[in-house]
Amino acid sequence: MSSLNKNTILKSLLFHFPIFVLFLSVFNEIDFNYLNIEYFSFNFVHILIFYWTLKNPRYLSYGSIFLAGIVNDVVVGIPIGFSSFCYLLICSVTAYLRNITITPNFINDWISFLVTILLVNSIQVISLDIIFSIEINYIKYLINSGFTFFLYPIFFLLFNILEKKIQIQIND
């Protein structure tokens with residue numbers, strides 16, 4: 001009986017692992033600023049939300065993504081609800097892509113990811129600069145978008161491996 005309970009706990013932990021990683025990344029604002037590398041940053045949260053809502057949205061609910069956006073706004077210090085709007089915009093793009101895609105293809109997903117992060121980052125830059133009068137460094141946003149785009153394949157492979165492990169544990 002105890003092995004059955006451990007197995008169920010492991011299944012539950014693996015099923016909720018993407019949500020845990022999402023909240024961990026917004027609480028810590030993971031972007032490698034701690035390494036003092038001036039021109040290296042990427043938006044891990046965008047990669048995480050794009051992948052999991054495109055491939056299997058049941059692992060990341062829209063409510064948890066919305067709450068993660070609120071937490072991110074508090075941690076970063078931007079107007080409340082702004083990150084939630086951007087995260088849910090990513091979700092709406094992935095929902096659209098899921099509905100129009102007949103056969104999933106990595107290259108199509110990667111190009112769609114580029115369009116999505118350019119759209120989201122341009123909305124962020126325009127809104128923060130014009131509406132909220134927050135000073136924005138455009139070069140850093142451009143570099144962040146570039147590194148986020150180029151690191152997507154690495155995280156795509158890692159998340160694919162993780163998703164297979166989750167599916168194996170759930171199907172056992």
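The values are calculated or read from the model by the stated rules, or taken from the named source; none is laboratory data. These numbers were taken from a predicted model, which means no experiment stands behind them. No Cβ is skipped: glycine too gets one built from the backbone with ideal geometry, and neighbour counts run over all protein chains shown.
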Hits in region 72-87 (condition: buried (at least 16 other Cβ atoms within 10 Å of the Cβ) and in contact (Cβ under 8 Å) with a residue 12 or more places away in the chain): 72, 78, 82, 83, 84, 85, 86, 87
Check on residue 95, in contact with a Leu (Cβ under 7 Å, 6 or more places away or on another chain), of a type outside the set (Asp, Glu) and more than 17 Å from residue 153 (Cβ to Cβ): no
Only one of 83, 92 that is in contact with an Asp or Glu (Cβ under 7 Å, 6 or more places away or on another chain), of a type in the set (Ser, Thr, Tyr) and modelled with pLDDT of 90 or more: 83
Odd one out for residue 60 among (1) of a type outside the set (Phe, Trp, Tyr); (2) part of a helix (DSSP H, G or I); (3) within 23 Å of residue 151 (Cβ to Cβ): (2)
Scan of region 118-172 for residues that are of a type in the set (S, T, N, Q), part of a helix (DSSP H, G or I) and loosely packed, with under 14 Cβ neighbours inside 10 Å, ordered by number: 122, 160, 167, 171
Extreme residue, surrounded by the most Cβ atoms within 10 Å (Cβ to Cβ), among residues of region 38-58 that are at pLDDT 90 or above and of a type in the set (Ser, Thr, Tyr): 53
